[in-house]
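First the structure, in the form of structure tokens, and then the observations on it.
The values are calculated or read from the model by the stated rules, or taken from the named source; none is laboratory data. These numbers were taken from a predicted model, which means no experiment stands behind them. Here Cβ is always computed from backbone atoms with ideal geometry, including for glycine, and neighbour counts include all displayed protein chains.
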Amino acid sequence: MKVVINIKKIANIGGLSLALGLLLGCVTTPPMPHTFVNTYTPIPESFFESLEGEKIYTVKGSGFLRQRGGGTVSCAGSEVYVKAVAPTSAYSDEYFKLRKVDRDASIVDPNFIADQQRLNSFSENTFCDVSGNFEVKLPVGRFKLSTNISWEVADTCGYGDYTYACMKTQGGMRSQTVSIADNLDKLEYKIIIN
């Protein structure tokens, strides 16, 4: 009796096993609809009215990071995103702790969705100048200012015997929150984003 081993079939089975292993390793968990424990209380109209007020308050600031070697990198040329910050609630905390796929699969209070859309309409953008300074006019309210402060460094990428020279980004998005009070005696606020 003669036994014949077909190497090509074994290689194909091994490749198939490897492909299946890789595919199964990339499977994500399916969306899980969430039942909210907390009820949503809509944001008071007075909150939105203050955001619609006159932009007479000036926020001046700078964005920079200090590197380990002592150098500083600024946000020069980067956009500064300004978003209104809503009052927090147990419902919003519960919502924002969910994965996006779970949020999309859940039944969310329509008042919450409407308030979030209305809140997102109150945004301002500006840019950092060459020195990393910025200025923006805002109404009364609480705002989150964010900008990208990053740089690249030479590094070695790859693994094992396969390595190559590459550039890696360090730093990243940074934010700072500012609360502007209805006080005509204080028209200017100063912040540092780092």
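Mind checking which pairs have a first residue in segment 82-93 that is within 17 Å of Phe47 (Cα to Cα) and a second that is in a loop (DSSP other than H, G, I, E, B) and of a type outside the set (Val, Ile, Thr), Cβ under 6 Å, 6 or more apart or different chains?
Ala84/Phe122
Residue check: is Ile107 at negative phi, buried (at least 17 other Cβ atoms within 10 Å of the Cβ) and of a type in the set (A, V, I, L, M)? Write out each step before concluding.
Numbers: at negative phi: yes; buried (at least 17 other Cβ atoms within 10 Å of the Cβ): no; of a type in the set (A, V, I, L, M): yes.
Spelling it out, it is not the case that Ile107 is at negative phi, buried (at least 17 other Cβ atoms within 10 Å of the Cβ) and of a type in the set (A, V, I, L, M).
Working only within segment 57-87, note down all residues that are β-branched (Val, Ile, Thr) and within 24 Å of Lys137 (Cα to Cα).
Thr58, Val59, Val80, Val82, Val85, listed by residue number.
Would you check if there is a residue in segment 144-166 being surrounded by 14 or more Cβ atoms within 10 Å (Cβ to Cβ), over 23 Å from the mean Cα position of the chain (by Cα) and not β-branched (Val, Ile, Thr)?
no
Residues that are closer than 29 Å to Ser50 by Cα, at pLDDT 95 or above and touching a Cys at 6+ places or on another chain (Cβ under 9 Å): does segment 106-114 have at least one?
Within segment 106-114 (the criterion being closer than 29 Å to Ser50 by Cα, at pLDDT 95 or above and touching a Cys at 6+ places or on another chain (Cβ under 9 Å)), the answer is no, since none of the residues qualifies.
Could you please find all residues in segment 118-151 being outside any strand (DSSP E or B), at pLDDT below 95 and among the hydroxyl-bearing types (Ser, Thr, Tyr)?
Ser121
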